[in-house]
Amino acid sequence: MVVLLDFVILLVLLNSARSTVLAGEKESPIVNLTLDSRKKILSWNSRRIVTQQTCAIVTPLDPNTSQEPQVRNDTYFCTFPNAVLHRGATLTVNATSEGQDFWHQLAFSNPGKEGSGAQDLSCIIYNVRLMNCSWTRGPAAPADVQYQLYSWTSLHGNVSECSHYVLDSAGTRVGCHFDELGEGHTTDDYFFLVNGTSSDSDIQFLDSPSVNGPSLEKYNPPANVTVQDNVSHFVIRWDAPAMRYSLSNSVLRYALDIQKMGSFSKREPVFLSRQYKNKYRLPRADVTGEHTVRMRVQHVLFQIWSEWSSTHHFASGSFPMSQFFASAGQRIGASASASVLPVNIQSVPEENFLVVLIGLVVGATVLFGMALMFLCKRFSLKKKLFPPIPRVKQELAGAFLASLEETASCGGHPPSASQDPEDIFTVEETLSLASAPAKMGGPAPAPNPYENIPSAGPLLNH
């Protein structure tokens, strides 16, 4: 330890001598260079006017970082919130004053016996307001070592020590439980520091970079997982987990583990991201026999998975047709009674779409038939579509028979079987004229096709 301090003093002396040379025998304007290892703030004062200053930090675990300092109450400072200092660090300040360049360097080391500090620190937020942290004891830690965990949520926030430690079999603190974290905000940044004490030697500390709160949260498994059979698909639904931070459900990524019972081959999980309806449709053709499904969830940007949900069973047994037709009948009746209203197809659940479609088709057919019957009755379309077959009216038939009887009584001869076809056309023309509406009070008498037989009406010239 003494050798290390002497080395640091030697570095400071060498840097001061170098600054003096660069400044042309002028003293460096940089004084009181110090580092707050908890807040990770490097600060200093300047004893005369400087025109330009920069600060930088170099650590074994982080890339080099440089920035321009801020000033408050005549004190300059630089903040390195993401720096990890337990492996040591080198901090540098460069300044220009009166045309001369100056620079100071500060070497920081972790005091204590190498390998005595805690290792493998990790923390998880769960059940919205609870948090657990764990670590392992250093391989070179003394037997009586005890560790203390400190946490805070901002650089200048209050530091609190763990109140519920977890002990290993030797009684050494290797974990911490936080009962209540308070209200969560997406801007929360957690800082952790593990110190150690021992009567045998100094213990090195273990720090961590700032950690954003949402990246620490482990969600509960998806809740209310259900499987429904809609004839063509198995529809799997679930509820999104409660979250500590106000985030959209679109940031969640789900894993569905669907397996066939009794099968030696395992199916790969199905991954779903940015789900808004929390629904997955499994084609019924892909399911033979009994299957199981379970789910878990994580944030799309982070690596922490939830535990698996409970396992749910479903099978590809035949769909109950009585239920199908009962549902179809209900929907047909509803569609017929509300047929005058617009139908929003998008509002129909897709698992019942087939039943609804059948109902709409049947309802539309019934309505079309009713409308056609009404139109036929209202506008006499039946007579126009199916006109009656022409036939001889009873009045004309009676007159024709009377003429034949009169001819027979006068000694005439009845027409022979080989009557000329013109007589047939004459009769047809007479019928067509008789069937037309007449302006006289009664129908015209039928003409006599025979020239030697008198007629009750005028003769038709052939």
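Read-outs: derived from the displayed coordinates by stated rules, not from any lab. All of these numbers come straight from a predicted model, not from anything done at the bench. Neighbour counts are summed over all protein chains in view; Cβ atoms, including those assigned to glycine, are modelled from backbone coordinates with ideal geometry.
Once backbone amide H atoms are built at 1.01 Å from N, residue 218 has 125, 126 as its partners under 5 Å, excluding neighbours fewer than 5 places away on the same chain. Couplings 3J(HN,Hα) for the range 224-237, derived from phi with the Karplus relation 6.51 cos²θ - 1.76 cosθ + 1.60 (θ = phi - 60°), are 6, 6, 10, 10, 10, 9, 10, 6, 9, 9, 9, 9, 9, 10 Hz, where x marks Gly and Pro. Of 218, 279, the sequence from fewest to most neighbouring Cβ atoms within 10 angstrom is 279, 218.
Placing dummy labels 7 Å off each Cα toward the beta-carbon, the span from residue 251 to residue 292 is 3.3 nm.
Would you list 185, 299 from fewest to most Cβ contacts within 10 Å?
Listed from fewest to most nearby Cβ atoms, that is 185, 299.
With 5 Å bins beginning at zero, the pair-distance distribution over Cα atoms of the range 195-262 amounts to 3, 10, 14, 14, 10, 10, 8, 8, 6, 5, 4, 3, 2, 1, 0 %. Ellipsoid fit via the Cα gyration tensor, the range 33-169: semi-axes of 36, 18, 12 Å, each the root of five times an eigenvalue, largest first.
Among DSSP beta bridges whose residues both lie in the range 100-211, state the antiparallel percentage, nearest 5. Please list the in-between numbers first.
Working: 25 of 26 bridges.
Once the DSSP bridges in the range 100-211 are tallied, antiparallel ones form about 95 percent.
Annotation: amide H of residue 117 within the under-5 Å range of 204, sequence separation 5 or more or interchain, hydrogens built in the peptide plane.
Checking the a/c ratio against 1.5 first, then a/b against b/c, what shape does the Cα gyration tensor give for the range 119-216?
Working: a/c = 2.34, a/b = 1.79, b/c = 1.31.
Prolate.
Computed from label points 7 Å out along Cα-Cβ, the spacing between residue 266 and residue 200 is 4.3 nm.
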